[in-house]
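The values are calculated or read from the model by the stated rules, or taken from the named source; none is laboratory data. Only a predicted model underlies this, so the values are computations on that prediction, with no experimental measurement involved. Using ideal geometry, Cβ is built from the backbone for each residue, glycine included, and neighbour counts are taken over all protein chains shown. Areas reflect the complete protein model, heavy atoms only, side chains present, ligands, DNA and RNA absent. Shrake-Rupley method; radii C 1.70, N 1.55, O 1.52, S 1.80 Å.
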Amino acid sequence: MFITFEGIEGTGKSTQIALLKTHLEKQGHRVIVTCEPGGSRIGAELRRVLLSLENRDLCARAELFLYLADRAQHVAQVVRPALESGQIVLCDRFADSTVAYQAFGRGLDAELLHSLNTLAVDGLWPDLTILLDLEPEIGLTRAVARNHAENKTVAEGRFEAESLAFHGRVRAGYQAWAKRFPQRIKTVNASGSPADIAAEVQQLVTVRLSETPLND
Ligand code: TMP
C-alpha cells in the first residue's frame, strides 16, 4: 500500500504522517516514511539544490527535471523495494506536487507534466493520496515560522519566499487535480485540530486497506 500526502506548505503533512505511522504500526503493519524531494541518497543532493534560497536563478524547466530525477531515483531505490517487501509506504509529497507547483504554480502545462510523471513513476502510482487543504495565508505563515525556528530559511526557503499568489495557484491546482482523480485523491480540510484530521485520515486509509490487499 502506497499512500502519499500532498498540500501547500504548512498544512501539517509531517504531523499527520507521524500519527498515521503510529496508528498503522499498532495494527501490526510494517511502515516506512519517506519524502520528496530527498527520499534517496542522490535525492538528498537534489533537495539541497532545489530548496536553497541561493538558487533563486533556477529556471522553471530545470527545476521540473530535477524533481522528476529525484522521483525516478526514489521510486526505483526506495518506494518500489519497500512495497515489494510488504511494507506500507507513507510519502510526504509525490507526483501531484509537480503538477501543483510546476504546472499550476509556475505555469507549465499540466497534461505534459502528468505524462512526464508517468515516465518518472514507472507504473507506480499511489493507492491513496491525502490532500491536506488549507488557505495559503495560514499555511505559509506556519511554514515561514517553522523554517525560521529550525534555522532553515536559507537552506530550504526557496518556496516559502514565493508570493501568496503563487501559493494560491498551487492550492487551486491541487483542488483541480483532486477533481481529475477523485478515486485516488481524497481531500481533507486541514484547518481542524491534528487529532480530528488524523481521525479523518485513518478512516480514509481503513477504507482503502479493505479494498486493496497488501503485498505480503
Ligand atoms: P517540503 O519537503 O518542506 O515540503 O519542501 C519541498 C518543496 O518542494 C515544497 O515547497 C514543494 C516543492 N516541490 C515542488 O515544487 N515540486 C515537486 O514535485 C515536489 C515533490 C516538491
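Couple of notes before you dig in:
- Cα Rg, Dmax, the stretch 129-216, angstrom units: 15.8, 45
- The chain - Kirkwood radius from inverse mean 1/r over Cα pairs (Å): 17.4 Å
- In this structure the stretch 2-211 gives 46 Å² per residue of accessible area when probed at 1.4 Å with all protein chains present.
- For the cross-link pairs 26/186; 152/179; 21/152, the ones whose C-alpha atoms lie over 28 Å apart are 152/179.
- Of all accessible heavy-atom area on the chain, the percent that carbon and sulfur account for (1.4 Å): 55 percent
- For the stretch 1-50 versus the stretch 98-116, the gap between their alpha-carbon centres in whole angstrom: 22 Å
- The amide H of residue 187, built 1.01 Å from its N in the peptide plane, has 131 as neighbours under 5 Å, considering only residues 5 or more places off or on other chains.
- Candidates 95, 34, 168 compared by Cα position along the dipole of the stretch 2-211: farthest toward the positive end lies 34, with charges placed on Cβ.
- Angle of helix 41-51 to the longest C-alpha principal axis of the chain, folded into 0 to 90 degrees and rounded to 10: 40°.
- Global geometry of the stretch 29-137, whether rounded, prolate or oblate, following the gyration tensor of its Cα atoms and the 1.5 cut on a/c: prolate
- Dipole magnitude for the stretch 1-92: computed about the Cα centre from +1 point charges on Lys and Arg Cβ and -1 point charges on Asp and Glu Cβ, it is near 240 debye.
- Each peptide in 168-179, 7-18, 25-36, 145-156 was scored by the mean count of other Cβ atoms within 10 Å over its residues; highest first, the order is 7-18, 168-179, 25-36, 145-156.
- Just checking the listed ones, 58, 108, 90: in the Gaussian network model of the chain with Cα springs under 10 Å, the one fluctuating most is 58.
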